[in-house]
1. Ranked by accessible surface with a 1.4 Å probe, highest first, in what order do W44, W86 come?
2. Can you tell me which of 100-106, 161-167, 114-120 comes out highest on packing, and rank the rest after it, using the mean Cβ neighbours within 10 Å?
3. Using a 1.4 Å probe and counting only protein heavy atoms, arrange K16, K66, K169 so the residue with the most accessible area comes first.
4. Cβ under 15 Å from A82's Cβ, A82 left aside: what net charge do those residues give with Lys, Arg +1 and Asp, Glu -1?
5. Give the accessible area for F171 in Å² (nearest 10); use a 1.4 Å probe, count only protein heavy atoms, and leave out ligands, DNA and RNA.
6. So, with a 1.4 angstrom probe, what is the percent of accessible area on the stretch 1-157 that is carbon and sulfur?
7. Under a point-charge model restricted to the Cβ atoms of Lys and Arg (+1) and Asp and Glu (-1), what is the dipole moment magnitude of the chain relative to its Cα centre, in debye to the nearest 20?
8. Please report the accessible area of L75 (heavy atoms, 1.4 Å probe, ligands and nucleic acids excluded) in Å², nearest 10.
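The values are calculated or read from the model by the stated rules, or taken from the named source; none is laboratory data. Everything numeric in this text was worked out from a predicted model, so none of it was measured. Here the Cβ positions follow ideal geometry from the backbone for every residue, glycine too, while neighbour counts run over all protein chains shown. The protein model used for the area step is the full one, side chains on, heavy atoms only, and it has no ligands, DNA or RNA in it. Shrake-Rupley method; radii C 1.70, N 1.55, O 1.52, S 1.80 Å.
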Amino acid sequence: MTKGLLAVFTGNGKGKTTSALGLAFRALGHGHKVCVIQFIKGNWISGEQIMAKSLSPLLDFHVMGKGFTWQSDNLAEDTALAQNAWNFAVQVIEQNQHHLVILDELTYLIRYNMISEQEIVQALSRRPAEMHIVVTGRHASNELLELADLVTEMVEIKHPYASGIAAQKGFDF
Ligand code: ATP
Ligand code: MG
């Protein structure tokens, strides 16, 4: 029997989302069902979003929410989208149809007070016994870190952005 883990990939360095996607790749290879929910839609369509369409029938990939909140011109709309996305994630967890559920950039929903930390922690702690859940995003909250079985902090040692190199297709998105 599997022990369902809660993993958190946080920190300011690059590699949180891509690490979670690596786990998805690994799980799919073993015939496990995977659900990815991306809570923040970027300005570009990511390679993973395109690839997910044809990669495997075992993979469900959902991009929800909108751009980054600090760029938002309509916070009420963003919050409603976030609430909607979170409700969907709760359903996915409760329905227990997936071995691995990736909640990409979920930390921002807590950080920007869109969903209460308590509500999120409660839903994650009630996950099915064999379900692995991965949460990614900067500034993971304390209760989330306490609840997690695995926490990895990506530490930025160097990032090309600091040398003026902008995000590149196929590497950053
Ligand atoms: P990736 O999706 O490449 O694994 P990430 O999930 O760790 O990155 P996020 O915080 O979600 O990083 O940031 C999303 C975007 O910002 C990505 O395009 C990423 O390359 C870029 N980014 C990540 N870390 C940094 C950083 N330290 N400085 C500047 N840009 C960054
Ligand atoms: Mg990310």
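1. I get W44, W86, largest accessible area first.
2. Details: 100-106: 25.3, 161-167: 9.0, 114-120: 16.3.
The peptides rank, most packed first, as 100-106, 114-120, 161-167.
3. From most exposed to least exposed: K169, K66, K16.
4. Once all neighbours under 15 Å are counted, the net charge is -3.
5. We get 130 Å² for F171.
6. Details: 4320 of 8480 Å².
Taking all protein chains in place, the stretch 1-157 shows 51 percent carbon and sulfur surface.
7. Numbers: 14 positive and 17 negative charges, 101 e Å.
The dipole of the chain has a size of about 480 debye.
8. Surface accessible to solvent at L75 totals approximately 100 Å².
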